[in-house]
1. Excluding same-chain residues fewer than 8 positions from K4, which aspartates and glutamates have a Cα within less than 16 Å of its Cα?
2. Can you pull out the trypsin sites (Lys or Arg not before Pro) in the range 108-188 that DSSP calls coil and that have at most 13 other Cβ atoms within 10 Å?
3. Once you have a ≥ b ≥ c as the square roots of the Cα gyration tensor eigenvalues for the chain, tell me rounded if a/c is under 1.5, and otherwise prolate or oblate according to whether a/b is larger than b/c.
4. Give the lysines reachable from K211 as a straight Cα distance under 21 Å; neighbours fewer than 8 places away on the same chain don't count.
5. Taking the convex hull of the alpha carbon atoms in the range 111-152, what volume per residue do you get, in Å³?
6. Ignoring ligands, DNA and RNA, what percent of the accessible area of the chain is carbon or sulfur (1.4 Å)?
7. If you add up the charges near G155, with Lys and Arg at +1 and Asp and Glu at -1, over every other residue whose beta carbon is less than 9 angstrom from its beta carbon, what do you get?
8. Run the helix sum for the chain: -39,500 (n - 2.57) per DSSP H stretch of 4+ residues, divided by residue count, reported at 222 nm to the nearest 500 deg cm²/dmol.
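The values are calculated or read from the model by the stated rules, or taken from the named source; none is laboratory data. What you are looking at is a predicted structure, and each value in this text was computed from that prediction instead of being measured. Cβ atoms come from the backbone with ideal geometry, glycine included; neighbour counts cover every protein chain shown. Heads up: the accessible areas ignore ligands, DNA and RNA and are worked out on the full protein's heavy atoms, side chains in. Shrake-Rupley method; radii C 1.70, N 1.55, O 1.52, S 1.80 Å.
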Amino acid sequence: QIPKESPLYQPTMLIMALHRSRVDDDFSTAAGLFDEMLSADAENAEIWQYYGDAARRDADYQQALEYYDQALALGGDAARLEYKRGITFDNLGQDDATETALRRSIELDQSDAYALNYLGYWLLEHDGDPEEALALIRAAVTAQPRNGFLMDSLGWGYYRLGRYDRAVLFLERAVSLRPVDPVIIDHLGDAYEKVGRLREAVFQWQHALDKSHPDLDHETVRAKIAAA
């Protein structure tokens, strides 16, 4: 019911578009709202950035890049946009472009814990320098020490490098910070298994299964329990 001439109209449209995209998973309706906003204000970098987020959430990565590039050209938040471009390139399997964008993001904003964490974890997954990778993730955790997702990345990084005692330490902290996250709980179970704490591993794996979360590979977890 807000009239179009009201200064509240566009912010409300943006909230509606974000809700359609993030909550309702309805990119088609969200795209219509974004198009309407841009028809009235095509030079608004923030709208282009959020449009890119919606397209990326819809797995239209090439379109998302175009929207992010448009936001950059209009003077949008370069550090944040490079981070999002890095994620998008990663989804497209473009490794060189991913690393370049993420490093550029960190150069512009060395305090962005999520960019630090993403690049660190990405390096671990792509045979990068493990010490640099862990240093980046540690910096992220230092910036947000109460963030269970970042703590999980640090613990899982140590796990990937075979430093299982350290992995247990940080994954226990991660679970204490995010006690309802089944993926983090599963990681802790894996770390317990590596240090020979099988009963605790089985307990954690079963606890993860009890959450019935779609991000968890239930069959793999059941196989680990059976093997233990």
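1. D35, E36, D41
2. Qualifying residues, ordered by number: R146.
3. prolate
4. Straight-distance partners of K211: K224.
5. Given the Cα convex hull of the range 111-152, per-residue volume reads 52 Å³.
6. Numbers: 5680 of 11860 Å².
Exposed carbon and sulfur together represent 48 percent of the surface.
7. On the way: positive: R166, R173; negative: D152, E172.
With Lys, Arg at +1 and Asp, Glu at -1, the neighbours total 0.
8. Per the formula, -24000 deg cm²/dmol.
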